[in-house]
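Input: a single structure, listed below in structure tokens.
The values are calculated or read from the model by the stated rules, or taken from the named source; none is laboratory data. Keep in mind that this is a model prediction, so the values were computed, not measured. With ideal geometry, Cβ positions are generated from the backbone for all residues, glycine too; neighbour counts draw on all protein chains shown. Side chains are part of the model used for accessible areas, which takes the heavy atoms of the whole protein and leaves out ligands, DNA and RNA. Shrake-Rupley method; radii C 1.70, N 1.55, O 1.52, S 1.80 Å.
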Amino acid sequence: MGWGPYLPANALHITRDLPVIGMTGEVLMDVLASARRLAMLQAAAVAALCLAFGAVLFVATERRRTLAQANALLEARVAERTTELERSNAQLRFEATEREEAQAALAQAQSDLVQAGKLSALGQMSAGISHELNQPLMAIRSFAENGVEFMARDKPERAAENLTRISELARRMGRIIKNLRAFARQESESLVRVDVGAVLVSALELTEARMRTCGVVLQVNRPDHPVYVRGGEVRLGQVFVNLISNAADAMQDSAEKQLTIHIVQGRAPTGGGNPDGRGAVTVTFEDTGPGISVPDKVFDPFYSTKEVGASEGMGLGLSISYGIVQSFGGEIRGTNTDKGAVFVVHLDHWQEDDKIA
């Protein structure tokens, strides 16, 4: 209409007669403003919904893209770490194989060293053992010849007496040969029940000729009943033979030559073997020699107080003995006394519930 700023430009013109007052009423109604406001509100609501949905979609897309990037980075790191672990595992398997081979070689070398020590000890005792076997053989021959003469003279009782002596001498030779065969054989590494007294008797029989030649007076104190320890019969016998032989060699120039051996069943003293509190059996070898010059080195390989060329030994006997006793779970120590040297061997006492190692 263009009637001024106070009237709408587009309006609905409504007229109504007012006969009571004799006038005509006219109204200009702007019906588009409310519809426009409603449309604007609806458009704003739809725009807000679209904007919110777009924002949610954008955030979800960005999050998904970020997760995809993180997942790809994680997979790359996992693949890299997996490659490193596979390389490390291969290296560890190679090192483990090398370690097992080295341990097997070390065990074989230790076993060969123990066997060499036994053969060396047998070589040193060979002269005395030959004498121990030759003497009964000569006696057997003499008794046999005398027996024949007694039979010819019709004296069967004297012949029977000679035959009895021949039988005793044969048993003695058989016992010596049995000890030699047992001492020389290669023993397995398993730990079994061993009568320490019986092993000591066998070791004394093997070294009897040597001690008699050196003029050693022997004194043995041991229980009347068997005393069982955890160990190996042959290897424990080798330890005893080494200790007895070393004591005999040490007392060659001594005025008093006495070797005292004690077997005591009881618990080990403080600091001596048996860390798990097991019962202990202690075997001591005490001589009247000059003693140990350097007790801390007495079990070192190739350590020897003997003059060069005075013995066939290489200074490995005590070192081998130390390793053998350690393999039994025991301990061996060497110290000095006011009379000479003493070697103390602590061994685990055999329990009834023990199983073969």
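FRET efficiency for the Ala79 to Ser190 pair, using the beta carbon distance and R₀ = 51 Å, is estimated at 0.55.
Taking the average, over residues, of other Cβ atoms within 10 Å as the packing measure, peptides 9-15, 140-146, 242-248 rank 242-248, 140-146, 9-15 from highest down. Given R0 = 22 Å, the distance between the Cβ atoms of Ala43 and Ala11 translates into a calculated FRET efficiency of 0.40. Karplus-derived 3J(HN,Hα) values for region 64-74, using 6.51 cos²θ - 1.76 cosθ + 1.60 with θ = phi - 60°, are 5, 5, 5, 5, 5, 5, 4, 5, 5, 5, 5 Hz; glycine and proline are entered as x. Karplus-derived 3J(HN,Hα) values for region 144-156, using 6.51 cos²θ - 1.76 cosθ + 1.60 with θ = phi - 60°, are 5, 4, 5, x, 4, 5, 5, 5, 5, 8, 6, 10, x Hz; glycine and proline are entered as x. With θ taken as phi - 60° and the Karplus curve 6.51 cos²θ - 1.76 cosθ + 1.60 applied, the whole-hertz 3J(HN,Hα) list for region 321-337 is 4, 4, x, 5, 5, 4, 5, 7, x, x, 8, 10, 9, x, 9, 10, 10 Hz, x standing for glycine and proline. Heavy-atom accessible surface of region 1-114, averaged per residue, reaches 88 Å², computed with a 1.4 Å probe.
With the whole protein complex present, Arg210 retains an accessible surface near 40 Å², based on a 1.4 Å probe. Length available on full extension from Ala139 to Asp253: 0.36 nm per residue minus the Cα-Cα distance, which gives 37.8 nm. Going by accessible surface with a 1.4 Å probe and the largest first, Asp154, Asp253 read Asp253, Asp154.
Length gained on full extension, Val59 to Arg99: 8.7 nm, using 0.36 nm per residue less the C-alpha separation. Remark: accessible surface ordering of Leu7, Leu206 (largest first) is Leu7, Leu206, probe radius 1.4 Å. Check Val220: other-chain or 5+ apart residues with amide H under 5 Å from its amide H, H built from backbone geometry? Sorted by chain and number, the residues that satisfy this are Ile261. Regarding region 21-64, what whole-number volume in Å³ per residue does the convex hull of its Cα atoms give? Spelled out: Cα convex hull of region 21-64, divided by residues, is 35 Å³.
Against the empirical curve 2.2 N^0.38 Å, the C-alpha radius of gyration of region 1-75 lands at a ratio of 2.47.
Close amide H partners of Gly231, meaning residues 5 or more places away or on another chain with modelled amide H under 5 Å apart, are Val192, Val194.
The mean of 1/r over all distinct Cα pairs in region 190-256, once inverted, gives the Kirkwood hydrodynamic radius of 12.9 Å. Across the protein chains, with a 1.4 Å probe defining accessible surface, the residues Lys257, Lys339, Lys155, Lys297 rank Lys339, Lys297, Lys155, Lys257 from largest area downward.
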